[in-house]
Amino acid sequence: MHDGRGLERAVRLLIRGLCLRCPRCGARSLFRTWWTMYERCYACQLRFEREQGYFLGAMYINYGATVVLALLGSFALEWWMPVSLTQQLLFWGSFGTLFPLVFFRYSRGLWLGFDYIFDPMDAEGPEAGNDEAV
């Protein structure tokens with residue numbers, strides 16, 4: 001990533017992850033249902049789960065996002081509104097339970113994009129190296 005193209009590519013792959021798209025080709029093909037991912041991209045045949053436990057990094061992303069948002073939100077709420085400790089605990093406890101469920105898909109998409117930045121595995125699939133579409 002010596003020039004702007006490397007950074008541009010990294011940002012494009014992370015945006016694809018947030019949009020739940022394949023990191024290689026940009027097709028909308030990550031999830032079959034809310035919880036179940038496709039094994040491969042229907043367009044470029046990129047295998048999403050490379051090995052058992054591959055999405056452990058996605059769990060770290062999900063946990064980190066939950067903690068950062070809960071901490072920043074609780075500090076902001078404490079600063080701007082007089083909220084009791086019980087109300088804070090109920091609100092942020094609920095947030096800490098529900099947000100990871102909602103963010104689950106996006107953390108997996110981000111993990112795929114992040115991993116594809118550093119280990120693209122372009123040799124696996126018919127459309128190797130085709131990452132022009134967003």
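Numbers at a glance
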read-out: Packing rank of 97-108, 48-59, where each peptide gets the mean count of other beta carbons within 10 Å, highest leading; value: 97-108, 48-59
read-out: For Y38, distant residues with modelled amide H under 5 Å away; value: F31, R32
read-out: Cα-based convex hull volume of region 4-118 per residue, rounded to whole Å³; value: 117 Å³
read-out: The chain: relative contact order as a whole-number percent, Cα under 8 Å and 6+ apart; value: 41 percent
read-out: Given charges at beta-carbon only (K, R positive; D, E negative), |dipole| of region 4-118 in Debye; value: 640 debye
read-out: Label-to-label distance, nm, for residues given as R28 and R5 (7 Å Cα→Cβ offset); value: 3.0 nm
read-out: Gain on full stretching of the segment that runs from Y42 to L85 - 0.36 nm per residue minus C-alpha separation; value: 10.6 nm
read-out: Positive-end extreme of charge dipole, region 4-118 - chosen from Y54, G73, S29 (charges on Cβ); value: S29
read-out: Potential lengthening between F95 and A70 on full extension [0.36 nm per residue; Cα-Cα distance subtracted]; value: 8.3 nm
read-out: The chain - mean residue ellipticity at 222 nm from DSSP helices (-39,500 (n - 2.57) per run, n ≥ 4, rounded to 500); value: -19500 deg cm²/dmol
read-out: Unpartnered cysteines - no second Cys beta carbon under 4.7 Å - across the chain; value: C19
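Coordinate-derived values only; no laboratory data. Quick caveat: nothing in here was measured; it's all calculated off a predicted structure. Here Cβ is always computed from backbone atoms with ideal geometry, including for glycine, and neighbour counts include all displayed protein chains.
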